[in-house]
Amino acid sequence: MKVAIVKYNAGNIHSVINGLKRLGVEAVLTDNAEELAGADKVIFPGVGEASTTMKYLRENNLDRIITGLRQPVLGICLGQQLMCRHSEEGNADCLGIFDVPVLKFQPEKHEDKVPHMGWNTIDPMDDALFKGFDRQEFVYFVHSFYVPVCQWTAAKTDYILPFSASLHKDNFYATQFHPEKSGATGERILQNFLDI
């Protein structure tokens, strides 16, 4: 199986590469259109800022390449947010795969810290990414912006308010949390993606 990771100006790519290695998969890191289109699975990871990242994607034609992919694609963290319509982070127009906005957390109580950082539970729904999950699971988050619960929500988390921990539409899957940093639970989710 050929797994490609989208190469762009994002942090955290090496933890995704290492997470896949633990599953016995050697992924290729590339921004080449033919390599991405020819892969069996594509992962779109990300730690960064939405508007500067979208500018980079457009300048390098990666926005059209990603939205044109037909194989299973997994967006992680910023990758999930960039798959949405618009982000409040830098007032950025994004890829528009999911027609939903990305909003900034607004603390309501003194103990509400932003960014939402650390372990929290997800409520997985009936989705291929969460095959074999029948209860809440703990996963690792680091984010200041969130996707509201919507028709494409595949898992929910509650922090300040309920939000989409995962999205799914057609061949596009996404997680707000970092499966590659979420221990055995995250490895199961990555393996489920590879098995799709």
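The values are calculated or read from the model by the stated rules, or taken from the named source; none is laboratory data. Values in this document were obtained by computation on a predicted structure and should not be read as measured data. A quick note on method: Cβ atoms are made from the backbone with ideal geometry, for glycine too, and the neighbour counts reach across all protein chains shown. Heads up: the accessible areas ignore ligands, DNA and RNA and are worked out on the full protein's heavy atoms, side chains in. Shrake-Rupley method; radii C 1.70, N 1.55, O 1.52, S 1.80 Å.
Asp195 accessible area, nearest 10 Å², 1.4 Å probe?
We get 110 Å² for Asp195.
List the residues of region 179-196 whose backbone N lies under 14 Å from a point placed 7 Å from the Cα of Met1 along the Cα-to-Cβ direction.
Backbone N within reach: 187-196.
Of Glu88, Glu49, Glu59, which has the largest mean-square fluctuation in a 10 Å C-alpha GNM of the chain?
Glu59
With an 8 Å cut-off on Cα pairs and a minimum separation of 6 or more residues, tell me the relative contact order of region 3-195 in percent. Can you show the working numbers first?
Values: 423 pairs, mean separation 37.4, N = 193.
Result for region 3-195 is 19 percent.
Tell me, what ³J(HN,Hα) does each residue in region 56-73 have, in order and in whole Hz, if you take phi through Karplus 6.51 cos²θ - 1.76 cosθ + 1.60 with θ = phi - 60° and put x for Gly and Pro?
Here the 3J(HN,Hα) series is 5, 4, 5, 4, 9, 6, 6, 4, 5, 4, 5, 5, x, 5, 10, 8, x, 10 Hz.
If you take the beta carbon distance between Leu161 and Met125 as r and set R0 to 25 Å, what does 1/(1 + (r/R0)^6) give as a FRET efficiency, to the nearest 0.05?
Details: r = 18 Å, r/R0 = 0.72.
Result of the calculation: an efficiency of 0.90.
Work out, step by step, the length gained on full extension between Asp40 and Ala184: first 0.36 nm times the residue separation, then minus their alpha carbon distance; give nm to one decimal. The partial results should precede the final answer.
Working: separation 144, 0.36 × 144 = 51.84 nm, distance 2.35 nm.
That works out to 49.5 nm of additional length.
Distance between Cα centroids, region 176-196 to region 1-76: provide it in whole Å.
So the two Cα centres are separated by 16 Å.
Under the Karplus relation 6.51 cos²θ - 1.76 cosθ + 1.60, θ = phi - 60°, what is the ordered set of whole-Hz ³J(HN,Hα) values for region 87-97, x standing for Gly and Pro?
So the J values, rounded to whole Hz, are 10, 5, 6, x, 6, 9, 7, 10, 6, x, 5.
Antiparallel versus total DSSP beta bridges in the chain: what percent is that, nearest 5? Walk me through the numbers on the way to the answer.
Working: 23 of 39 bridges.
If we restrict to bridges inside the chain, about 60 percent are antiparallel.
Given R₀ = 41 Å, what would the calculated FRET efficiency be for Glu26 paired with Glu108, taking r from the Cβ atoms and rounding to 0.05? Working shown, then result.
Values: r = 45 Å, r/R0 = 1.10.
Result of the calculation: an efficiency of 0.35.
What residues qualify as long-range amide H neighbours of Ile43, i.e. H under 5 Å apart, gap of 5 or more or another chain, H built at 1.01 Å from N?
Here Ala4, Ile5, Val6, Leu74 satisfy the definition.
Quick one: which residues, 5+ away or cross-chain, put their amide H under 5 Å from the amide H of Val100? H built at 1.01 Å from N.
Arg85, His86
Note down the magnitude of the dipole of the chain about its Cα centre, charges +1 on Lys and Arg C-beta and -1 on Asp and Glu C-beta and zero elsewhere, to the nearest 20 debye.
Values: 19 positive and 25 negative charges, 47 e Å.
The dipole of the chain has a size of about 220 debye.
Which residues does the label zone of Asn18 cover in region 155-196, counting backbone N under 13 Å from a point 7 Å along Cα→Cβ?
Zone members listed by number: 180-183.
Over region 78-196, with every protein chain in place, what whole percent of the accessible area is carbon and sulfur at 1.4 Å, could you tell me? Please list the in-between numbers first.
Working: 2550 of 5280 Å².
That fraction is 48 percent.
Tell me which residues come under 5 Å, amide H to amide H, from Tyr159 once H is placed; ignore anything under 5 positions away on its chain.
none
Going by the alpha-carbon gyration tensor, a ≥ b ≥ c the square roots of its eigenvalues, is region 124-171 rounded (a/c under 1.5) or, if a/c is not under 1.5, prolate (a/b greater than b/c) versus oblate?
Working: a/c = 1.90, a/b = 1.27, b/c = 1.50.
Verdict is oblate for region 124-171.
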